[in-house]
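Undergrad: Next up is a structure, given as structure tokens.
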Amino acid sequence: MSNPSLLILPGDGIGPEVMAEVRRIIDWYGDKRGLKFDVSEDLVGGCAYDAHGTPLHDDTMAKAQEVDAVLLGAVGGPKYDALDFSLKPERGLLRLRKEMDLYANLRPAQCFDALAEFSSLKTDVVAGLDIMIVRELTSGIYFGEPRGIIEEGNERVGINTQRYTESEIDRVARSAFELAMRRDKKLCSMEKANVMESGVLWREVVTEVSKDYPEVELSHMYADAGAMQLTRWPKQFDVIVTDNLFGDLLSDLAAMLTGSLGMLPSASLGAPMANGRPKALYEPVHGSAPDIAGQGKANPIACILSFAMALRYSFDAGDEADRLEAAVNAVLANGLRTADLLGQEGVEPVSTAEMGDAVLSALDASL
Ligand code: IPM
Ligand code: MG
């Protein structure tokens, strides 16, 4: 049988630097664990625009549809701010999500013991935190029509449309319930049914789906109250399911509870392919951080943990994902910190590559 295939899209800013460390880890799994991947690499975002005049070339899109999983670094940068909307780096990422139909975006917010003190919240509020946000990723206001900026009378009007079909809500709700079954069997659905019809429908459909998962304790919350509860006492949650825009906001909020955006991975999953694996794209939650790009300062952990999610959700290698997550934990427990995690005086930051070295040594030590 041929090796599973991986398409690597490092993207812009710190993307290439953090992805370089992931490539070393992928090689480690090939050498030491016999888990070999056929890896190819391509462009997405601003670098694709520079090379081809589009943030995602059709050939790259076609490749992404064929591989077993896509691993993406980050897209965007100030250099591209003036570009027409349709050519912006972010459009490349959004096209991947939409055309691969990656409707369920899993964003864990996990607080690493060694980092609890870096949270802006009190340590006891976040220590041991382990929640999962399931964000709908291919519909809602990000994609709804009509959209645009139109002339009306003597002024312009900006328009976006929040739109959800029952089937779109149903499938992401099922993903969330399935996850809840494998975790603490607790799911909180967030919308604004008090002001939005799409929220009313969302609540109805999620409630309907819950009948197929009687073991899962379902609750509903307005998304604004959800944001408040997430900062007040985040450990009341286990799995949260919400729409595209609320999920974008709430996942950044949840991420920061854990101390640093530089730590958090994500998985975007679609329907199963012919080989049974879900269509999948894995990426860190952080952005391209152009201010520190190219300086070897970036934290590669979110991208490394995104590969761990790929091992778990695409390659049926949960044990190997556990191994990689434990290696990251061990490195942090040893006190290693990239610059984004520094809070203590007298601790020298390590570089992106040094963090990668340390994770590789911890992997070696795990054998
Ligand atoms: C995210 C990002 C993206 C989004 C941007 C880069 C298009 O903020 O993945 O959360 O808004 O979905
Ligand atoms: Mg976001």
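Values quoted throughout were computed directly from the atomic coordinates according to the rules given, and no laboratory measurement underlies them. On a predicted model such as this, the values are computed, not experimentally measured, just so you know. Counting neighbours? That spans all protein chains shown, and the Cβs are built from the backbone with ideal geometry, glycine included.
Undergrad: Testing the spin-label approximation: label points 7 Å from Cα along Cα→Cβ at residue 120 and residue 150. State their distance in nm.
TA: Taking the simple label geometry, residue 120 and residue 150 are separated by 3.8 nm.
Undergrad: GNM, the chain, Cα, under 10 Å: largest mean-square fluctuation among 263, 228, 181?
TA: Most flexible of the set in this elastic network: 228.
Undergrad: Rounded to the nearest 0.05, what FRET efficiency do residue 236 and residue 322 have when you use their Cβ-Cβ distance and R0 = 25 Å? Could the numbers behind the result be given before it?
TA: Working: r = 26 Å, r/R0 = 1.04.
Computed FRET efficiency for residue 236 and residue 322: 0.45.
Undergrad: Please report 36, 122 as a ranked list, fewest other C-beta atoms within 10 angstrom at the top and most at the bottom.
TA: On the way: 36 14, 122 10.
Fewest-to-most Cβ neighbours within 10 Å comes out as 122, 36.
Undergrad: Determine the percent antiparallel among the DSSP beta bridges restricted to segment 130-257, to the nearest 5.
TA: Details: 6 of 20 bridges.
If we restrict to bridges inside segment 130-257, about 30 percent are antiparallel.
Undergrad: Related question: Can you list the residues, at least 5 places off or on another chain, whose amide H is less than 5 Å from the amide H of residue 189, using H built in the peptide plane?
TA: Result for residue 189 returns 219, 220, 221, 241.
Undergrad: For the chain, with the dipole built from +1 on Lys and Arg beta-carbon atoms and -1 on Asp and Glu ones, taken about the Cα centre, which of 304, 112, 268 lies farthest toward the positive end?
TA: 112
Undergrad: Tell me the net charge near residue 61. Cut-off is 11 Å between Cβ atoms, residue 61 excluded, with +1 for each Lys or Arg and -1 for each Asp or Glu.
TA: Values: positive: 63, 95, 98; negative: 42, 58, 59, 66, 99.
Net of charged neighbours comes to -2.
Undergrad: Something else about it: Please list 3J(HN,Hα) in residue order for segment 317-334, calculated via the Karplus relation 6.51 cos²θ - 1.76 cosθ + 1.60 where θ = phi - 60°; whole Hz, with x for glycine and proline.
TA: Computed from phi, the couplings for segment 317-334 are 10, x, 5, 6, 5, 4, 4, 5, 5, 5, 5, 4, 4, 5, 4, 5, 5, 6 Hz.
Undergrad: Treat the count of other C-beta atoms within 10 Å as a stand-in for reagent exposure and order 1, 19 from fewest to most.
TA: Working: 1 3, 19 25.
With the sparsest Cβ surroundings first, the list reads 1, 19.
Undergrad: So, one more: Grab the alpha carbons of the chain, take their convex hull, and tell me the volume per residue in Å³.
TA: Values: hull volume 56.4 nm³, N = 367.
Per-residue hull volume (Cα only) is 154 Å³.
Undergrad: Looking at 169, 218, 137, which one has the Cα that reaches farthest to the positive end of the dipole of segment 130-257 (charges on Cβ: Lys, Arg +1; Asp, Glu -1)?
TA: Farthest towards the positive end: 218.
Undergrad: Rounded to the nearest 20 Debye, what is the dipole magnitude of the chain about its Cα centre when Lys and Arg each give +1 and Asp and Glu each give -1 at the C-beta? Could the numbers behind the result be given before it?
TA: Numbers: 35 positive and 57 negative charges, 85 e Å.
Roughly 400 debye, rounded to the nearest 20.
Undergrad: As a test of the formula, what do you get for the chain when each DSSP H run with n ≥ 4 contributes -39,500 (n - 2.57) and the sum is divided by the residue count, at 222 nm and rounded to the nearest 500 deg cm²/dmol? Intermediate results must be reported in sequence, preceding the final value.
TA: Values: 12 runs with 148 residues, N = 367.
Calculated mean residue ellipticity at 222 nm is -12500 deg cm²/dmol.
Undergrad: Turning to a different aspect of this structure: Subtracting the Cα-Cα distance from 0.36 nm times the residue separation, let me have the gained length for residue 253 to residue 52 in nm, one decimal.
TA: Details: separation 201, 0.36 × 201 = 72.36 nm, distance 3.51 nm.
Length gained, residue 253 through residue 52: 68.9 nm.
Undergrad: Let me ask you something else. Taking the number of other C-beta atoms within 10 Å as the exposure measure, put 107, 97 in order starting with the fewest. Walk me through the numbers on the way to the answer.
TA: On the way: 107 23, 97 20.
With the fewest neighbours first, 107, 97 line up as 97, 107.
Undergrad: Which residue fluctuates the most in the chain, going by a Gaussian network model with Cα springs under 10 Å, if the choices are 160, 244, 194?
TA: 194
Undergrad: Another question about this same structure. Assuming a ≥ b ≥ c are the square roots of the Cα gyration tensor eigenvalues, decide whether segment 130-257 counts as rounded (a/c under 1.5), prolate (otherwise, with a/b larger than b/c) or oblate. Working shown, then result.
TA: On the way: a/c = 2.46, a/b = 1.66, b/c = 1.48.
It is prolate, given that a/c is not under 1.5 and a/b is the larger ratio.
Undergrad: Something else about it: Taking the Cα centre as origin and putting +1 on Lys and Arg beta-carbons and -1 on Asp and Glu beta-carbons, what dipole magnitude results for segment 130-257, to the nearest 20 debye? It would help to have the intermediate numbers written out before the result.
TA: Values: 15 positive and 23 negative charges, 87 e Å.
Magnitude of the dipole: close to 420 debye.
Undergrad: If you average the alpha carbon positions of segment 69-146 and of segment 312-329, how far apart do those two centres end up, in angstrom?
TA: What the calculation gives is 21 Å, centre to centre.
Undergrad: Where nothing but the Cβ of Lys and Arg (+1) and of Asp and Glu (-1) is charged, how large is the charge dipole of segment 199-329 around its Cα centre, in debye to the nearest 20? Let's see the in-between values first.
TA: Details: 9 positive and 17 negative charges, 52 e Å.
Approximately 260 debye in magnitude.
Undergrad: Among 301, 150, 133, determine the one that fluctuates most according to a GNM of the chain built with springs between C-alpha atoms less than 10 Å apart.
TA: Between 301, 150, 133, it is 150 that shows the largest mean-square fluctuation.
Undergrad: Please go through the residue pairs 32/185; 211/279; 36/88; 186/211; 98/211 and name each one whose alpha carbons sit more than 25 Å apart in this structure. All intermediate terms of the calculation are to be shown ahead of the outcome.
TA: Working: 32/185 36 Å; 211/279 27 Å; 36/88 34 Å; 186/211 14 Å; 98/211 29 Å.
Flagged as over cut-off: 32/185; 211/279; 36/88; 98/211.
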